[in-house]
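One structure below.
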Amino acid sequence: MKLTFFIVAFVGTCCAQLAPVSIANVPLDLVLLYEQLYKDCVAKGGNTYVAVQYAYDPPKTAYFEKGECYPYQIDGNAAQMGVWCRRTICYNKRYANCSGPNDPPLGVPFISEETLINPLDIVDSVGKATFCS
């Protein structure tokens with residue numbers, strides 16, 4: 001999926017590198033995708049907290065529940081956009097299976113309707129996954 005706007009946003013990183021945005025700040029060409037991911041996330045119910053579109057061809061969406069490892073890549077396909085539908089605190093992980101210590105050790109809070117966009121496919125340069133609770 002080609003994204004035309006450059007928003008630097010990385011899941012679970014600290015302060016200056018993290019730029020979650022709400023619907024008011026989503027680029028116009030991504031508003032429909034944002035709305036669909038949010039709607040699908042809410043419809044999953046239970047402990048599902050985020051819907052993530054990965055850069056498969058065609059793109060695929062994955063849903064993650066609290067306490068489940070959210071990898072920044074699946075089969076070499078980077079997460080392109082994640083939309084939160086529940087409040088969580090997320091911790092960046094060094095390894096794709098969420099093993100090892102939190103890196104950095106501080107969690108990043110997310111609220112419902114926030115999104116992270118990865119137009120440059122570099123999200124895994126800050127870690128390999130996130131673990132949210």
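For the range 87-114: of the residues being of a type in the set (D, E, K, R) and free of Cβ contacts under 8 Å to residues at least 40 places away in the same chain, which is nearest to Val42 (Cα to Cα)? Within the range 87-114, the match that is nearest to Val42 (Cα to Cα) is Arg87.
Among the residues of the range 72-113, those that are within 18 Å of Leu37 (Cα to Cα) and touching a Ser or Thr at 6+ places or on another chain (Cβ under 7 Å) comprise Met81, Gly82, Val83, Trp84, Cys85, Arg86, Arg87, Thr88, Phe110, Glu113.
The residue list Ala43, Ala55 contains one member that is out of contact with any Gly (no Cβ under 7 Å at 6 or more places or on another chain) and touching a residue at least 60 places away in the same chain (Cβ under 8 Å), which is Ala55. Here are the criteria: (1) at pLDDT 90 or above; (2) closer than 23 Å to Pro27 by Cβ; (3) aliphatic (A, V, I, L, M). Tell me which single one Ile89 does not satisfy. Ile89 satisfies every listed condition except (2). Checking each residue in the range 97-119 for being of a type in the set (S, T, N, Q) and either out of contact with any strand residue (DSSP E or B) (no Cβ under 8 Å at 6 or more places or on another chain) or surrounded by fewer than 17 Cβ atoms within 10 Å (Cβ to Cβ) (or both) picks out Asn97, Ser99, Ser112. With respect to the numbered conditions (1) more than 24 Å from Pro27 (Cα to Cα); (2) buried (at least 16 other Cβ atoms within 10 Å of the Cβ), which one is the sole condition not fulfilled by Asp124? For Asp124, the failing item is (1).
The values are calculated or read from the model by the stated rules, or taken from the named source; none is laboratory data. Nothing here was measured: the structure is a model prediction, and the numbers come from that model. Positions of Cβ are backbone-derived with ideal geometry, glycine not excepted, and every protein chain shown enters the neighbour counts.
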